[in-house]
1. Could you grab me the full set of residues in segment 137-148 that are part of a loop (DSSP other than H, G, I, E, B) and surrounded by fewer than 18 Cβ atoms within 10 Å (Cβ to Cβ)?
2. Checking the conditions here, which among 43, 49 is assigned to a helix (DSSP H, G or I) and of a type in the set (Val, Ile, Thr)?
3. For segment 92-141, which positions are modelled with pLDDT under 95 and farther than 29 Å from residue 24 by Cα?
4. Return the residues of segment 111-152 that are under 16 Å from the mean Cα position of the chain (by Cα) and within 12 Å of residue 79 (Cβ to Cβ); say none if nothing qualifies.
5. Tally up the residues in segment 163-185 that are of a type in the set (Gly, Ala, Ser) and either over 18 Å from residue 99 (Cα atoms) or within 14 Å of the chain's Cα centre (by Cα) (or both), please.
6. Looking only at segment 38-56, which residues are within 20 Å of residue 117 (Cβ to Cβ) and among the acidic types (Asp, Glu)?
7. Being of a type in the set (S, T, N, Q), within 16 Å of residue 153 (Cα to Cα) and surrounded by fewer than 14 Cβ atoms within 10 Å (Cβ to Cβ) narrows it down to one residue among 77, 90, 84, 61; which is it?
8. Looking only at residues in segment 1-37 that are touching a helix residue (DSSP H, G or I) at 6+ places or on another chain (Cβ under 7 Å) and assigned to a loop (DSSP other than H, G, I, E, B), which one is nearest to residue 115 (Cα to Cα)?
Amino acid sequence: MARWEPDARARLANSALDLYLERGFEQTTVADIAARAGVTERTFFRHFTDKREVLFDGTHSLQAGVLEAIAVAPEGSAYDIAGSALVTGSAFLEERGEFAGRRTRAITANPELHERELLKLARLSAAIAEALTERGTANPSARLAAEAAVSAFAAGFERWSGAGESPPLAECIRAALAELRRIVA
């Protein structure tokens with residue numbers, strides 16, 4: 001094992017994802033991931049709290065970006081503000097397209113991971129609702145707008161990360177937001 005190679009975090013994430021897809025999440029250990037990445041278990045834990053967090057690493061960045069976009073958004077409907085913030089806050093994911101597709105397959109294959117994904121989306125929705133409330137949107141309007149926008153985001157993300165070629169993530173999210181608007185109109 002090499003003493004030091006650059007980008008251990010990315011190697012760990014890719015190794016974990018490869019193993020989850022090959023063996024399954026439950027059958028993969030942190031030791032397996034570290035060995036595949038060519039690092040020690042200690043190095044793994046310097047980067048991730050547990051083997052699930054490899055798949056949810058971008059959650060904090062996504063939420064921070066979305067909340068920042070809400071804070072500086074011009075006036076508009078709560079749904080438009082939340083939707084636009086989700087497009088803006090998720091821009092960093094665009095460069096992770098191939099990883100996102102594999103990640104989606106791994107999460108879909110495991111009920112525990114799927115449950116965690118839903119919990120993360122619920123937390124994002126709650127944070128958006130709180131940010132909208134701080135901007136002056138009354139409840140339950142803030143909560144409904146946040147839930148609707150996050151649902152559209154999830155649909156757009158699913159389309160973007162699915163198999164095959166897809167438009168850019170922002171375009172997929174905007175299309176899902178527009179479709180939801182048409183459905184409820």
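The values are calculated or read from the model by the stated rules, or taken from the named source; none is laboratory data. Worth saying up front: this structure is predicted, and the values here are computed from it rather than measured. Backbone-built Cβ (ideal geometry, glycine too); neighbour counts: all protein chains shown.
1. Selection gives 138, 139, 140.
2. 43
3. Of everything in segment 92-141, just one residue is modelled with pLDDT under 95 and farther than 29 Å from residue 24 by Cα, namely 139.
4. Of everything in segment 111-152, those that are under 16 Å from the mean Cα position of the chain (by Cα) and within 12 Å of residue 79 (Cβ to Cβ) turn out to be 128, 146, 147, 149, 150, 151, 152.
5. Count: 5.
6. 50, 53
7. One residue alone meets the criteria, 61.
8. Ranking the candidates gives 25 first.
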